[in-house]
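The values are calculated or read from the model by the stated rules, or taken from the named source; none is laboratory data. Quick caveat: nothing in here was measured; it's all calculated off a predicted structure. All Cβ positions, glycine included, derive from the backbone under ideal geometry; neighbour counts span all protein chains shown. Ligands, DNA and RNA are stripped out before the accessible areas are found, and what is left, the full protein with its side chains, is counted by its heavy atoms. Shrake-Rupley method; radii C 1.70, N 1.55, O 1.52, S 1.80 Å.
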Amino acid sequence: MNSKWFKYAASAVVAGGMAVGGLSSSAQAGSLVLGDSGWKASWSSAFDNAGGTFVTLTVLAEDANSVVLQKVAAFRDAPDQYGYINAIEINFEQIRSDAKPNIIFTSEQVSNDTGTSWNGFKFIIEDGQTGTPADTQFDVDATFNSGDPFDTSPFKFISATGISSSPQVITVGDGTLANGETWLPGIGAGAGELVIHGAPATDGSKRFVFKEQPLPGNVIPLPAAMWSALSGLIGLGVFGSAKGLRRKMA
């Protein structure tokens, strides 16, 4: 989807501050029906507190195949005893059998208020994997190889990995976002967008989790293959969460 026509409006809203209401339907209370797309997004009420780690979504646009979202998030939890920063998780639920296949994030604003610098970031889909188009997965070509590749500076694209042929973990790195700074992936004309192929089910039953995970400078990231394997296991319900897994491993 070419979203250039609303890039300027989205950028102006982000530049104006953390509030994101007014362009279209938005949410500040833990859930949002995503326009006429056939999808609903929800998240923990813990992420509604603007004084802590929080997230809000705004529906910017729709076409026949896509719904386009703006996300504003602030990470304010310090790293835990293992050096990890808690991820923000957004649950996506199909609410109509004719849901649109693509969910797109553009013009993001992500603030680092964690007390430490980040040297990378992961975008993660938890859906389980079959290695077929039935898997919810990132559209890597549309995200990074299009005419307007997704701008993640100061980070660079490192990898897109998954079990078999379904990329469900995107890692960016080779850069630094200091504490107190704000990251603006996809902001501005020509800055691209993060494209998820939602793989809606014909019976309307698709659900998946989208996670954003900062990588602080004092953490050695897991190898890409390990992240992919954990994402698949979590999506299949083998583990409740990565945080719970760390407790099992400790």
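Exactly one residue out of I95, I88, I124, I104 is out of contact with any Asp or Glu (no Cβ under 7 Å at 6 or more places or on another chain), open to solvent by less than 40 Å² (accessible area, probe 1.4 Å), under 25 Å from S37 (Cα atoms) and of a type outside the set (K, R): that is I124.
The set of residues from the stretch 54-84 being in contact with an Asp or Glu (Cβ under 8 Å, 6 or more places away or on another chain), closer than 22 Å to L34 by Cβ and open to solvent by 10 Å² or more (accessible area, probe 1.4 Å) comprises F54, E62.
Among the residues of the stretch 136-150, not one is modelled with pLDDT under 95 and crowded, with 23+ Cβ neighbours inside 10 Å. Figure legend. Inter-residue proximity from the stretch 153-179: first residues among the basic types (K, R), second residues surrounded by 21 or more Cβ atoms within 10 Å (Cβ to Cβ), beta-carbon distance below 9 Å, spacing 6+ or different chains. Indicated pairs: K156/V172.
Of all residues in the stretch 35-58, which are of a type in the set (D, E, K, R), within 20 Å of N112 (Cα to Cα) and touching a Ser or Thr at 6+ places or on another chain (Cβ under 7 Å)?
none
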